[in-house]
Amino acid sequence: MRLILEGKINKTYVQSLCMMFFHGEKFPEIEKNPRGAVFVRATEQNGGILAECEFTYLDKTAKTSAFCVGEDGDSYERTSKCAVGKAVYQAGRELTGKEIPWGILTGIRPSKVGAQLLSSFSYEKARDILINKYLLSEKKAELVLSVAKNETKILSSYGDDTCSLYVSIPFCPTRCEYCSFISYATPKLFQLIPSYLEKLCSELKEKAEIIKKTGKKLVTIYIGGGTPTTLDVEQLKILLEAIVGSFDLTHLEEFTVEAGRPDTITKEKLDVLKEYGVRRVSVNPQALNDEVLLAIGRHHTVADFYNAYEIVSAEQFDSVNTDLIVGLSRDTYESFKSTIDKICALDPQNVTVHAFSVKKSARILENDSQIYEKQDTSAVLSMEYAYERLISSGYEPYYMYRQKNTVCDLENVGYTKIGKECRYNVLMMSDSHTVFSCGAGATTKLVKKIDGKEAISRIFSPKYPYEYLQDNQSKEKEILAFFEK
Ligand SMILES: C[S@@+](CC[C@H](N)C(=O)[O-])C[C@H]1O[C@@H](n2cnc3c(N)ncnc32)[C@H](O)[C@@H]1O
Ligand code: SF4
């Protein structure tokens, strides 16, 4: 798609607006015969910004304009985004007939906007701004404000002197068709696990020393993947021993292991997790329908999930999470409804509902290259049902994020029983909390306040386990320098 912008316009923002209407579109510098072209001009006029848009796709053209004045404490940039967003949104809607429930809110976490609005305005005014200025549907506006309220409550209880730890185990028993995470899943690559663990344990020791030097209190730990319970009992012991033996856990409030795949969960492994202080685990069905599980290459059945859930329940962890995905191949509204109903009957403390997202690395793309075009309204209904049913079963939405290329542009939402939220999930997504990470593909996020504003620095570990094994660069100096400056 060709993009021609005149005036002070954020290019990435316009690209993501266009992609909401035309999934999978790309914006190369040179394109011989583009399917679409977007011209946008922004000019300052009468104390506001006028945006004019001409959007052509195949043989159709839409011409629109929008005028916005800075209000509600908006910066110039935000006013410009608002005018440009409205003009492009109207044109996209005219060309496709699509109503996007998230309106022009893209490229920013919706709950961050919600929290900013709630800090200055009443609930009603904030809701009004989300619906009329950002064009959110009423339901999404309510979701955003509920999440914002819960997130703000959690974030306000952690100061600059706290931090979290993420540990990456990028191995899985087999690779699911839809998965976009980097994870090793063949017997040959499993041979790397012992040396991976050895390296990880020494990184954990180093990070523990660094945390000590920064004087921060470690409040949450999250071991994720991949599937950490791909490790056998002895390997889990080695990992947990390194954590418990290296870090000061005096202030630790939460310790999660994303077990995830039911076919990796055994009583022996859970006993080890409990023994080392793990208090929250995930056991993920994704969908409670064997036909869907087969179609997505999940390599376990619904019965396997129930079996794993029973073993997990018997261990009495503080909190159990179940991950679900809306919009999977072969899933229908009726079938997803039944999944949610069955999950509610189990009554886990947390339920996370993801919108199916197709990323370039997912194997499913090889078999179905048209998947971006699928606009299945049953996914929208399924997401709405999840919201209604979980709320009426005593859950609250407490964190959320949006990804690119999700079915019907839907979001990912974490629901919790009151007081049982996973604090790590909220802290790691905020711009106000330091997260130290260990292992391949992990990102350390350093945060400090300068003149009341957050400064953020990210340090990326090598993506793949074999690269990680070859990396010998210590990040200690860089991390300590960030906090000293
Ligand atoms: C990092 S994965 C690991 C969880 C664990 N390995 C498992 O599969 O149960 C975390 C969650 O992301 C979600 N997920 C993975 N790929 C996805 C995709 N393409 N679209 C939407 N959600 C996805 C799944 O719900 C999954 O449980
Ligand atoms: S969905 Fe989970 S189990 Fe499946 S490949 Fe991805 S990380 Fe591994």
- request: May I ask what percent, to the nearest 5, of DSSP beta bridges between residues of the chain are antiparallel?
  value: 55 percent
- prompt: Out of the DSSP beta bridges found with both residues in region 158-438, what percent are antiparallel (nearest 5)?
  reply: 30 percent
message: Need the C-alpha centroid separation for region 133-158 versus region 313-342, integer Å.
response: 23 Å
field: Å³ per residue enclosed by the Cα convex hull of region 404-485
entry: 155 Å³
task: Once you've got the Cα coordinates, tell me which of Lys420/Lys448; Lys212/Lys477; Lys213/Lys448; Lys216/Lys449; Lys404/Lys445 are over 19 Å apart.
output: Lys420/Lys448; Lys404/Lys445
field: q = 0.09, 0.16, 0.19 Å⁻¹: log10 I(q)/I(0) that the Debye formula gives for region 2-148, counting C-alpha atoms only
entry: -0.28, -0.85, -1.14
- line: Computed over the chain, the Cα gyration tensor eigenvalues, each multiplied by 5 and square-rooted, give semi-axes in Å (largest first) of 38, 27, 23
query: What is the magnitude of the charge dipole of region 2-148 about its Cα centre, with +1 placed on the Cβ of each Lys and Arg, -1 on the Cβ of each Asp and Glu, and no other charges, expressed in debye to the nearest 20?
result: 360 debye
task: Compute the separation of the alpha-carbon centres of region 193-209 and region 1-42 and state it in Å as a whole number.
output: 44 Å
statement: For the chain, cysteines with no other Cys Cβ under 4.7 Å from their own Cβ are listed as Cys18, Cys53, Cys163, Cys172, Cys201, Cys344, Cys408, Cys422, Cys438
message: I need to check one value: relative contact order of region 158-438, counting alpha carbon pairs closer than 8 Å and at least 6 residues apart, in percent.
response: 21 percent
- line: Taking a straight Cα-to-Cα line shorter than 17 Å from Lys188, and setting aside same-chain aspartates and glutamates fewer than 8 residues away, one finds Asp232, Glu467
Region 2-148: Lys pairs at Cα distance under 18 angstrom, eight or more positions apart or on different chains: 23
task: With only Lys, Arg, Asp and Glu charged, each at its Cβ (+1 for the first two, -1 for the last two), find how big the charge dipole of region 27-109 is about the Cα centre; round to the nearest 20 debye.
output: 300 debye
query: What ratio of Cα Rg to 2.2 N^0.38 Å holds for region 105-232?
result: 1.50
- request: Before anything else, pin down the relative contact order of the chain: Cα pairs under 8 Å, at least 6 apart, normalised by residue count, whole percent.
  value: 13 percent
- request: Hey, could you get me the Stokes-Einstein D for region 158-438, Kirkwood radius over alpha-carbon pairs, 4 °C and 1.567 mPa s, rounded to whole µm² s⁻¹?
  value: 67 µm²/s
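Since every read-out is calculated from the coordinates, none of them should be taken as a lab result. Fair warning: this is a prediction, and the values are worked out from it, not measured in the lab. Backbone-built Cβ (ideal geometry, glycine too); neighbour counts: all protein chains shown.
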